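Bear in mind that the values in this text are calculations on the coordinates, not laboratory data. Since this is a predicted model, take the numbers as computed values, not measurements. Note: ideal-geometry Cβ built from the backbone for every residue, glycine included; neighbour counts use all protein chains shown.
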Amino acid sequence: MAASAVNVGDDLQAQIDEIEALSSIYGDDWCVIDEASRIFCIKISDNQEHPKWTLCLQVVLPPEYPTAAPPMYQLNAPWLRGPERMELSNSLEELYAENLGESILYLWVERIREFLVEKSHSADSADGLPLTKTTEEVDDDLEDEFIREYNLLKLSSEQNSVQIFSKDTGDEELPPIKHGEPVTDRRSTFQAHLAPVVTLKQVKMVLSKLHENKKIGNATHNIYAYRIYCEDKQTFIQDCEDDGETAAGGRLLHLLQILDVRNVMVVVSRWYGGILLGPDRFKHINNCARNILVDENYTESGDDSAKAGGKSKKQRNKKGR
């Protein structure tokens, strides 16, 4: 017990030293969101004077960081989508694995900067311009949605340092992926996809498999959310992605939380038809997600209470209705 207390004290001092160094190095680009909850953010660009590509790295430092746990993180940029997001996330996770027990944030920031510089050079050589993936739909209540996104992140920090990296479980099978019925409204089409997942590696496998489908890969947005229950910690690993549809990922994750489903990932594809739908787009996204959860027996029709335990990796058969 005493050794554990010493380790926590050492970790806290290491965090303090690291934060002071990062604040000194990056100045105004470094932001303290919540000192007590150890939530920080840094704006990273390919070029300080004339940035073309900018990304915000948001981190939560668990008490066991850096000696025994990685930071939890989010990569926030409207242009960062499926394959690129996975490539960058994999790079950060590899960097952490190479420096276990060490302070990692400076290395992460510089790795992200390298990624942005390479992207800028690629765009220059192709005479391309940064593209923001969006339908340009803006609502008056988006500020509330950003607050909700922040609250989700803060909630994660209170879950006693849920690890963001999956353990090495060898070769994992691609989970079965189910596809819901498409819904079309004013030329925009929405379709949900669902897969049982119990590791973050499976989450990435599902995303990669979906993007292999040209139609899904070319969707205007592929919004997703997942929740994985950790029996040993009795808590959840959960995250979401807007893919350019501002606040849609947070709403989708909120639905999974309300239904209390676990060990499942839901992706909703939207093909934009040129007509703005306003708030109706969120209704279609959540309805598609809810319908496929009902069809796959993760929750009951007409009842927001999820079936106890959800589905696990070994329980892929549908439950009796």
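Distance cut-off 24 Å, Cα to Cα: go down the list 178/214; 52/201; 119/204; 52/209 and report the pairs above it.
Working: 178/214 17 Å; 52/201 31 Å; 119/204 22 Å; 52/209 30 Å.
Beyond 24 Å between Cα atoms: 52/201; 52/209.
Across segment 90-99, in residue order, what do the Karplus-derived ³J(HN,Hα) couplings come to in whole Hz, using 6.51 cos²θ - 1.76 cosθ + 1.60 with θ = phi - 60° and x for Gly and Pro?
Coupling constants for segment 90-99: 4, 5, 5, 5, 5, 5, 5, 4, 6, 10 Hz.
In terms of modelled amide H atoms, which long-range or inter-chain residues lie less than 5 Å from the amide H of residue 197?
When sequence neighbours closer than 5 places are left aside, the close amide H contacts are 264, 265.
So, how do all the Cα-to-Cα distances of segment 178-296 break down into 5 Å bins, in percent, from 0 on up?
With a bin width of 5 Å, the distribution comes to 2, 12, 24, 26, 20, 10, 4, 2, 1, 0.
Would you grab the residues whose amide H sits under 5 Å from the one on residue 188? Only those 5+ places off in sequence or on another chain, please, with H modelled 1.01 Å from N.
273
Output wanted: per-residue J couplings in Hz (rounded whole) for segment 104-116, from phi through Karplus 6.51 cos²θ - 1.76 cosθ + 1.60, θ = phi - 60°, x for Gly and Pro.
10, 4, 4, 5, 4, 4, 6, 5, 5, 4, 4, 4, 5
For residue 184 and residue 87, FRET efficiency with R0 = 25 Å and r from the beta-carbon atoms, rounded to 0.05?
Step by step, r from the Cβ atoms, then E = 0.20.
Ranked highest first by the average count of other Cβ atoms within 10 Å around their residues, in what order do 111-119, 32-40, 253-261 fall? Walk me through the numbers on the way to the answer.
On the way: 111-119: 17.4, 32-40: 14.9, 253-261: 19.9.
Going by the mean number of other Cβ atoms within 10 Å, highest first, we get 253-261, 111-119, 32-40.
Taking the Cα centre of segment 178-296 as the origin and placing charges on Cβ (Lys, Arg +1; Asp, Glu -1), which of 250, 217, 207 is farthest toward the positive end of the dipole?
Sorting the options by dipole projection puts first 217.
Roughly what percent of Cα-Cα pairs across segment 8-123 reach past 21 Å?
Value for segment 8-123: 36 percent of Cα pairs lie more than 21 Å apart.
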